[in-house]
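I have placed the structure first, in the form of structure tokens, so that the comments after it can refer back to it.
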Amino acid sequence: MIKKPRLSFWQIWNLSFGFLGVQIGYSLQNGNTSRILSALGANVEHLSYFWLAAPLTGLLVQPVIGLMSDKTWTRFGRRIPFILIGAIISALAMFFMPNSEFFAYLLPPLFFGAMMLIFMDTSFNITMQPFRALVGDMVSEEQRNQGYSVQSFLINSGAVIGSLLPWALTWGGVSNVPAEGEKVAPTVIWAFYFGGGALLLSVIITALTTKEYPPEEFRKYNNIEEGEKVKTPFKQLLKDIPNTMIRLGLVQFFSWFSLFIMWVYTTSGISQHIWNTEPTDSISQNFNAAGNWTGVIFAAYSLFAALFSIVMARIATKFGRKPTYMSALIIGGLGLLSMIFIHNQYLLLVSMVGVGIAWAAILAMPYAILSASLPADKMGVYMGLFNATITIPQIAAGLLGGIILTTLGGKAILMLGVAGISMIIAGFAVLSVKEHIQTKE
């Protein structure tokens, strides 16, 4: 097999630059969905059910997009067309989501907001899935750690920006309390406008600066005979799933169960635990202050993740991907557990150091390990199927979240302890993963 060309740093950077904007949008969704839906009338016990939109759409959309992009060859590339289409739809969805209350003449605001959440999640998935496969398509084995670490850095840089936007707009003088008769704070609305624009612009930059390998070069670099067309039935694809992917699925289950719980319950948890609000409070100044601070600490863990991403490739190369992955998850679990014992909003930033280290590893290590074990001509569909290891645990957390919260006496802060325990279990599950090491291409 002929080796893939060694890419320059900026070529690797441009491969994933669009993910910067995607993550700005995704972080705005993660940090503000509970806030928006609570303002529109959702009870805290029911929030996890609304959040099921994200994993359900991902479970359905990503394998389909992966399979379609595997079979696509256009003048614009193989993955790029799907990335562009998803970005355009995502930007539109980000305009409508925070303005749900103004479409009450069509549907009740809470229902319209839930529909926009589904719409937004679907478009995010259309955009995100090809980015994972694009790196696997383009980089050689020796640059695999670097490729996914750069992607992790850009994802987390976007997350910092997206998470901080409502807080920054408040600092800049935009009102953080809804106007008389309205439900969603202007800071949130304008943050979503900015996020949609940044998403579209960054994806266009990736599309203009990245040239995917044409069919003949792709076949040459991946030892696929010219004219060879492998049509594998979907059932056979499932039977042929690499063992590495199955074992990574166990790690993914507990890590993404943890993340989902964190995203859903942090605002309510710190609002009740630090700002002393009531569970039914969703529009007061204290609740919105807690909502802004959730954005700040989410930005903090993304910042720490971006910084760790800079050195993660070197650490993984020196000590191995598995030890790096396992250690990062355990540190993240301890960070989440520590939030239960903290009553000062600023000390939560210390907890976010651990969460950030875990998040950086979650965004890079599974894909670096997995992509080395996948056949090149089925990279997209298997990356799409692998997304089930992200969505299924979120569905489980969404269905069980309300039940667990009720069992814990309605104390949302204790849900972050549940998330911490789950993340630690994920760390030890890494021990079961068997890596497929490519020695040459």
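Throughout, read-outs are computed from the coordinates displayed, never taken from laboratory work. Just so you know, these numbers come straight off a predicted model, no measurement behind them. We place every Cβ from the backbone using ideal geometry, glycine too, and count neighbours over all the protein chains shown.
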Using θ = phi - 60° and Karplus 6.51 cos²θ - 1.76 cosθ + 1.60, couplings along the stretch 174-185 (whole Hz; Gly, Pro as x): 6, 5, 9, 10, x, 5, 3, x, 10, 10, 9, 5
Given contacts defined as C-alpha pairs under 8 Å and at least six residues apart, what's the relative contact order of the chain, whole-number percent? 29
Under the 0.36 nm per residue contour assumption, what length would be gained going from the current alpha-carbon distance of K318 and L60 to full extension? 89.1 nm
Using a Förster distance of 51 angstrom, determine the FRET efficiency expected from the C-beta separation of E217 and L399, and round it to 0.05. 0.65
How much length would be gained if the chain were fully extended between V350 and L431, taking 0.36 nm per residue of separation minus their Cα-Cα distance, in nm to one decimal? 26.4 nm
Taking 7 Å along the Cα-to-C-beta vector as the label spot, tell me the N276-F341 distance in nanometres, rounded to one decimal. 2.4
Counting other beta carbons within 10 Å of each residue's own, what order do W171, W275 fall into, fewest first? W171, W275
Set K71/K220; K220/K378; K3/K239; K183/K411 screened for pairs whose C-alpha atoms are more than 22 Å apart: K3/K239; K183/K411
Distance in nm between I310 and Y193 label points, each 7 Å along Cα→Cβ, equals 3.4
Go ahead and run the numbers for FRET between L408 and E141, Cβ-Cβ distance against an R0 of 51 Å, rounding to 0.05. 0.65
Output the 0 to 90 degree angle, nearest 10, between the alpha-carbon long axis of helix 243-273 and the longest principal axis computed from the alpha carbons of the chain. 20
Could you please rank H46, H273, H343, placing first whichever residue has the fewest other Cβ atoms within 10 Å of its Cβ? H343, H46, H273
Using the 10 angstrom Cβ neighbour count as an exposure proxy, how do E180, E141, E101 rank, fewest first? E180, E141, E101
Whole-Hz Karplus couplings 3J(HN,Hα) for the stretch 316-329, θ = phi - 60° and coefficients 6.51, -1.76, 1.60, Gly and Pro as x, run 5, 5, 7, 9, x, 5, 5, x, 5, 4, 4, 4, 5, 5
From the Cα gyration tensor of the stretch 292-406, with a ≥ b ≥ c the square roots of its eigenvalues, which class applies: rounded if a/c is under 1.5, or else prolate if a/b is larger than b/c, or else oblate? oblate
Once both axes come from the Cα atoms, what is the angle between helix 412-429 and the longest principal axis of the chain, in degrees from 0 to 90, rounded to 10? 20
Mean Cβ neighbour count within 10 Å, used as a protection proxy, ranking 237-245, 143-151 highest first: 143-151, 237-245
If you count, for each residue, the other Cβ atoms within 10 Å and average over each peptide, how do 297-303, 315-321 line up from highest to lowest? 297-303, 315-321
How far is helix 186-209 tilted, in degrees, relative to the longest principal axis of the Cα atoms in the chain, given as a value from 0 to 90 rounded to the nearest 10? 10
Computed over the stretch 327-441, the relative contact order (Cα-Cα under 8 Å, seq sep at least six) in percent reads 47
So for the stretch 1-155, averaging the separation of alpha carbon pairs under 8 Å that are six or more residues apart and normalising by length, what relative contact order in percent results? 41
Using a Förster radius of 35 Å, what is the FRET efficiency between I2 and L250 based on their Cβ-Cβ separation? Nearest 0.05, please. 0.50
